[in-house]
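Here is the structure we will look at, set down as C-alpha cells.
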Amino acid sequence: MSDVIAFIGVGNMGNPMAENLLKSGKKITVFDVSKEMMEKAKKKGLNISESIEALINKEVSIVITMLPEGKHSKKIYLGENGIINKVSKHCLLIDCSTIDIETSKEIGKAADDQNIMMIDAPVSGGVMGAQKATLNIMVGGSKEAFDKALPVLKILGKNIYHAGEIGSGNGAKICNNMALGIAMIAASESLMLAKRLNIDIKKVHEIMKNASGNSWPISVYPPLPGLIDGTPSNNNYRPGFSAGMMNKDLKLAYECAKSVNAETPLGKMALEIYDQFCKEGNDTKDFSAISKVIGGDAWDYPID
C-alpha cells in the first residue's frame, strides 16, 4: 500500500519539499495557515486541505511538518486537536521544523506514549537545497523510526544523518547553524577588508575558495553579488534562508549553551549582530545580507 502523506507548513522550504514528494509519485495533501502559500502550492499541482482537521485522519500514513517555532510544533502535535490523538498507531510523524530540543523531546515522548513512531528531522541547505532535493537532514529518534523514514527522506535530501535519540536532530542542526551564522559574518568581514585594501574581490574570493579560509558561505553561498550565480546575493537578497530564521536559530543555540554551561562567545556575538540587523527591519532578507552591515560604506549595492 502506497504512503498517504499529510504535509503541514508549505512556506519557502516546505513548498518545494512537498513538490518533490509529489514528483516522486507520492500521494500528498498539504496545509498552511497562509492563504498565499496555499495558493502557491495549488499552482504547483499539490492537493490542498482547507484545515488540519480535514487533513489528518486514520488513512494518513506519514505526517510531515515544517513549522517556524517550537510553539507551533507543540500546538500542532499536542494541542486540543493535536495530531498525535488523531492518527493511527501505524502513522510515522516527521517534524522537519528547527525548534528547541526540550519541545522536540516533549512531543516525541507524547508520541512514544501512544506507540507512534516519530523523528525530529530538521534540514539544512536553504530554499536552493529544498528545490534541488539536496538538503542535509539531521534525524533524532529510534533506529526503527529512522529506517522507516529513510525512503521518504531520500526524496527530500542528499545527505541524511541519524544523530541519535529524539531531539538530537535539532541539537545537531542548532550547532550547525551557529557555525554557519559565525562563518557568514567571517566571510563578510574578510571580503570587506579586501575591498578596503583595494584588492579585486573576485580574485580574493577565488583564492579563499581554494585556500584555508574557505567555508560554505565562501564556496557556495557568498554574501556579495557577482560571485556565484543563483545565490540570494544575486537576487536582491531574497531568501534563501532569512535573517530572521538565522536569528531564531542563534537564539536557540544561545539558550542551549546556557542550559549546559557551555561558553560560546562567537555564537553570542553573532546573535547580537543578527538580532540588531533584524530589529532594523531586515528580518525577511536573506541572512547573507548581513554583509551590508559589516561592509558599511565599502559596498555600493542595495539590499532593498
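The values are calculated or read from the model by the stated rules, or taken from the named source; none is laboratory data. Computed from a prediction, not measured in an experiment: that's the story for all the values here. Don't worry about glycine lacking a Cβ; one is built from the backbone with ideal geometry, like all the others, and counts go over all protein chains shown.
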Quick one: A133 ticks every box in (1) within 15 Å of the chain's Cα centre (by Cα); (2) in contact (Cβ under 8 Å) with a residue 60 or more places away in the chain; (3) outside the structural domain of T103 (by TED's automatic domain parsing) except a single one, so which number is it? (3)
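From the list S73, S61, S97, pick out the single residue that is surrounded by 16 or more Cβ atoms within 10 Å (Cβ to Cβ), within 19 Å of P151 (Cβ to Cβ) and at pLDDT 95 or above. Before you say what the answer is, go through the steps one by one.
Numbers: S73 fails: within 19 Å of P151 (Cβ to Cβ); S97 fails: within 19 Å of P151 (Cβ to Cβ).
Answer to the check: S61.
Evaluate segment 127-139: report whether one residue or more is of a type in the set (G, A, S) and in a strand (DSSP E or B).
No - not one qualifying residue is present in segment 127-139.
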Only one of G230, G181, G240 is touching a Gly at 6+ places or on another chain (Cβ under 7 Å), in contact (Cβ under 8 Å) with a residue 60 or more places away in the chain and not polar (S, T, N, Q); which? G240
Could you list, in sequence order, all residues of segment 1-21 that are surrounded by fewer than 20 Cβ atoms within 10 Å (Cβ to Cβ) and either touching a Leu at 6+ places or on another chain (Cβ under 8 Å) or of a type in the set (G, A, S) (or both)? S2, G11, N20
Name the pairs: first residue in segment 254-265 and without any contact (Cβ under 8 Å) to a residue 40 or more places away in the chain, second residue among the hydrophobic types (A, V, I, L, M, F, W, C) and surrounded by 10 or more Cβ atoms within 10 Å (Cβ to Cβ), Cβ to Cβ under 9 Å, at least 6 apart or on different chains? Y254/M178; Y254/L271; A257/M178; S259/I101; A262/C256; E263/A257
The one condition in (1) in contact with a helix residue (DSSP H, G or I) (Cβ under 6 Å, 6 or more places away or on another chain); (2) assigned to a loop (DSSP other than H, G, I, E, B); (3) surrounded by fewer than 24 Cβ atoms within 10 Å (Cβ to Cβ) that I160 fails to fulfil: (2)
Answer with yes or no whether N115 is modelled with pLDDT of 95 or more and either in the same structural domain as S259 (by TED's automatic domain parsing) or not in a helix (DSSP H, G or I) (or both). yes
Considering only segment 210-304, give the helices (runs of 4 or more DSSP H) lying wholly within it that have at least 1 residues that are over 24 Å from T103 (Cβ atoms) and not hydrophobic (A, V, I, L, M, F, W, C). 216-219, 265-277, 290-295
